[in-house]
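Below: the structure, in C-alpha cells.
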Amino acid sequence: MRNAKRLALVWAARLLPSMLLACGPATRSDPAFWVPYGGDGSGGAAADAASSTGTGGTGGAGGTGGAAPAGSRLEYRFTTVSLDGEYAPKNIGAVWITDAQDTFVKTLEVWAAKRVEHLVRWGAASGTNVVDAVTGATRKSHIEHMPTWNGTDTAGLVVPDGPYRVHVEFTEWNSSDSDEEPGPWTVVDFVKGPDAQEMTLPDEPAFIGRHLSWTP
C-alpha cells in the first residue's frame with residue numbers, strides 16, 4: 001500500500017508541469033495579431049519585423065525630457081483600400097509622426113517584411129527607424145488600422161506641444177522600381193497640446209473611415 005501511494009505521488013509530480021503548461025495563456029502566432037503600442041514600454045508584438053530597423057534620429061522637434069504625461073495619447077483610425085496593384089490585395093505600409101516641418105519624430109506602425117524598401121516615403125523620412133513601433137508582416141488583405149502615439153520621440157522623450165503631422169503610406173506595387181507607380185499616401189495635421197482634439201476626416205480613394213483624436 002505504501003509503495004502504491006509513493007508511485008502515485010511520482011506520477012503526479014511528472015504530470016503537473018505539463019498540466020500547468022496546457023492551462024497557460026494562449027499564444028497568437030498569426031502575424032496579423034498586433035498589440036498597439038501604448039507608451040508603456042511593451043513595444044507591441046513584433047510578428048515579423050521589418051528587415052532593417054535602422055537607427056534614425058531622435059526627432060527634430062526636440063524633447064523636453066521625462067516620461068509622457070499619463071493618459072496623453074493620439075489615436076488615428078483608418079482603413080486602407082486596394083487600388084488593384086500588382087500584388088493586391090497583399091499590401092505593405094507604414095504610419096509615422098513628423099513635426100510641422102516634416103522632420104521625423106517616430107514610426108508608429110509598419111506592416112512589411114522583405115519588401116520594406118518599397119515604402120519609399122517612409123524610408124526617406126525615417127531611415128527605416130522602427131524604435132517603439134508596432135511591426136508585422138505583409139498584410140494579405142486590407143484592414144482597419146488604429147496606431148497610437150504617446151507624444152514621445154524615439155529616445156522616449158516628450159516632444160514640445162505644437163503642430164504635428166501623421167503620415168500613412170502603403171503599396172501593392174514594387175514602388176521603389178523606376179517603372180512602377182508609387183504607393184498611395186495621406187497626411188493629417190493636428191495639434192499636440194493641452195486641449196483635446198477630435199477629427200472625422202473625409203474618405204479618400206485609398207483611405208476610408210479616418211478618425212483622429214488627441215487626448216492630453
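Computed from the coordinates by the stated procedures, all read-outs in this text should not be read as laboratory data. Please read these numbers as outputs of a predicted model, since none were measured by experiment. Cβ atoms come from the backbone with ideal geometry, glycine included; neighbour counts cover every protein chain shown.
For Gly151, the residues whose modelled amide H falls within less than 5 Å of its own, excluding neighbours fewer than 5 places apart on the same chain, are Leu74. Local charge for Pro160 was computed over the other residues whose Cβ lies under 12 Å away, with Lys and Arg +1 and Asp and Glu -1, and equals -2.
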